[in-house]
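Structure, as structure tokens:
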Amino acid sequence: MATAGVQEVRVPPLTSTSEPPSLFDGTTRLYISYVCPFAQRVWITRNYKGLQDKIKLVPIDLQNKPAWYKEKVYPESKVPALEHNGKVVGESIDLIKYVDDNFDGPSVIPSDPAKKEFGEQLISHVDTFTRELYTSLKGDPIQQSSPAFDYLENALGKFDDGPFFLGQFSWVDIAYVPFVERFQLVFSEVFKHDITEGRPKLAAWIEEVNKISAYTQTRADPKELVDIFKKRFLAQQ
Ligand SMILES: N[C@@H](CCC(=O)N[C@@H](CS)C(=O)NCC(=O)O)C(=O)O
């Protein structure tokens, strides 16, 4: 069995000229893009549960997508999508749960009622969090993003039995980390601002999450991420 510590070789993404895999042949496939934060959530979940041999990664080139992806795999034509048991399931947060419920490995959703409830609260906030950050890029980024990062700092104070949002590593960390990865980088590189300044819990969380190889294996090339942000969200920089 593959373990979380083994570095997986990244195969090249499939493009418009690539043949489809032999779909619905019983293989479980996770369709991702190496730079998509939503897909990254499910990729981390798969790694954390040690499912590298059970769920095959299929990277797609979103800039040059194969037509068969929309036609035969996922009509929404987005990543992530999971091909499993003759059907295709999408939506990253639903997929974290789906993979947790339907596969072996350590659970990413704690059963303790207080942690379960707080976890659901944080998960229901994640789209607001990301919207606030992307919106901040159009104004005064440092000032306008501050409440979003303060929310994390505050939330990290709730449980003291570990450095993660619910104490132990969970789906909450998985849902937030791809976006913190991107915004920490962009704020540092583009705006010369450290998002952990005055936020010691966030600093400790970032340090700890970077010790989890299920996550570090999914990190995108920083230069590629900054380029994507410059092109798509920071046209004026
Ligand atoms: N709400 C979806 C969002 C997924 C999403 O927007 N994925 C983007 C890439 S990051 C995508 O596939 N976009 C279609 C495209 O680029 O063609 C989720 O959480 O899974």
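Bear in mind that the values in this text are calculations on the coordinates, not laboratory data. Keep in mind it's a predicted model, so treat the numbers as computed, not measured. Methodologically, a virtual Cβ is constructed for each residue, glycine included, from the backbone with ideal geometry; neighbour enumeration extends over all protein chains shown.
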Tally the DSSP beta bridges in region 1-108 and give the antiparallel ones as a percent, rounded to 5. 60
Pairwise label distance in nanometres, residue 121 with residue 201, each label 7 Å out on the Cα-Cβ vector: 1.1
Out of the DSSP beta bridges found with both residues in the chain, what percent are antiparallel (nearest 5)? 65
Going 7 Å from the Cα of residue 94 along its beta-carbon direction, which residues of region 111-135 have the amide nitrogen within less than 14 Å of the resulting point? none
Tally Lys and Arg at +1 and Asp and Glu at -1 over the other residues with C-beta under 15 Å from the C-beta of residue 204: what net charge comes out? -4
Return the FRET efficiency for the residue pair residue 85, residue 63: r is the Cβ-Cβ distance, R0 is 30 Å, and the value is rounded to the nearest 0.05. 0.50
